[in-house]
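Notes for the one structure printed next.
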Amino acid sequence: MNLTRTPQTESMATTHAVMGVIRSVMPAFRNKNDKIAFVVHASLAVSGFILTSTGRPAFAHDALSSSTTQCLVGIEGWNEFDEEYAFVYKCPVKRYLVKCLAMNDKLLVDAIAEDGKEFGHLQIEYVMVSLYLFTFA
């Protein structure tokens with residue numbers, strides 16, 4: 001899901017790198033939606049996207065335009081809502097909003113750059129996801 005072509009995002013996130021992020025953070029998963037949404041986050045993180053907001057602040061109407069006092073934030077509150085997730089990233093200087101919504105057996109992922117010129121949509125079907133991921137609890 002490369003939204004820009006920068007040196008940090010030229011390479012794809014590898015399975016081992018994504019699993020390394022998940023293991024190092026050890027997030028609390030409540031359900032399969034949490035697991036898939038966190039894989040989306042981990043994939044962006046290993047691709048050079050820096051998390052600047054997540055959870056309630058990332059759902060704010062002005063999430064992309066509000067100035068953050070921190071360059072890097074933790075993941076606290078990332079899964080406080082049921083079946084919906086929001087993350088704001090910076091890469092390298094442009095901000096991106098990524099929102100995930102669980103519907104039926106899919107996680108819908110939409111991303112947009114702060115200038116509105118770059119955007120993406122992805123549908124992840126749960127049957128396509130490796131069972132290895134679901135062994136995390």
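All of VAL46, VAL40 fail the test of being touching a residue at least 60 places away in the same chain (Cβ under 8 Å) and not acidic (Asp, Glu), apart from VAL40.
Would you mention how many residues in the stretch 104-118 are part of a loop (DSSP other than H, G, I, E, B) and under 26 Å from SER24 (Cα atoms)? Don't jump to the end; show me each part of the working.
Residues of the stretch 104-118 part of a loop (DSSP other than H, G, I, E, B): 104-105, 114-118.
Subsequent filtering for residues that are under 26 Å from SER24 (Cα atoms) retains none.
Going through the stretch 104-118 one residue at a time, the tally reaches 0.
Checked against (1) at pLDDT below 95; (2) part of a strand (DSSP E or B), VAL73 meets all criteria but (2).
Name every residue in the stretch 19-37 that is in contact (Cβ under 8 Å) with a residue 60 or more places away in the chain and either under 25 Å from LEU64 (Cα atoms) or not in a loop (DSSP other than H, G, I, E, B) (or both), in order of residue number. If the condition is that a residue be in contact (Cβ under 8 Å) with a residue 60 or more places away in the chain and either under 25 Å from LEU64 (Cα atoms) or not in a loop (DSSP other than H, G, I, E, B) (or both), then ILE22, LYS32, ASN33, LYS35, ILE36, ALA37 are the ones that fit. In the stretch 45-70, the qualifying residues are those that are part of a helix (DSSP H, G or I) and modelled with pLDDT of 90 or more, and the one that is surrounded by the fewest Cβ atoms within 10 Å (Cβ to Cβ) is ARG56. Contact map, the stretch 107-124: first residue in contact (Cβ under 8 Å) with a residue 60 or more places away in the chain, second residue surrounded by fewer than 15 Cβ atoms within 10 Å (Cβ to Cβ) and aromatic (Phe, Trp, Tyr), Cβ cut-off under 9 Å, separation 6 or more or different chains; pairs are ALA111/PHE119; ALA113/PHE119.
Which residues, taken from the stretch 83-103, are in a loop (DSSP other than H, G, I, E, B) and either in contact with a His (Cβ under 9 Å, 6 or more places away or on another chain) or modelled with pLDDT of 90 or more (or both)? Spell out how you get there, then give the answer.
First pass over the stretch 83-103, keeping only residues in a loop (DSSP other than H, G, I, E, B): 83, 91-94.
Scanning the stretch 83-103 gives GLU83, LYS94.
The values are calculated or read from the model by the stated rules, or taken from the named source; none is laboratory data. Bear in mind the structure is a predicted one, so any value in this text is a computation, not a measurement. Note: ideal-geometry Cβ built from the backbone for every residue, glycine included; neighbour counts use all protein chains shown.
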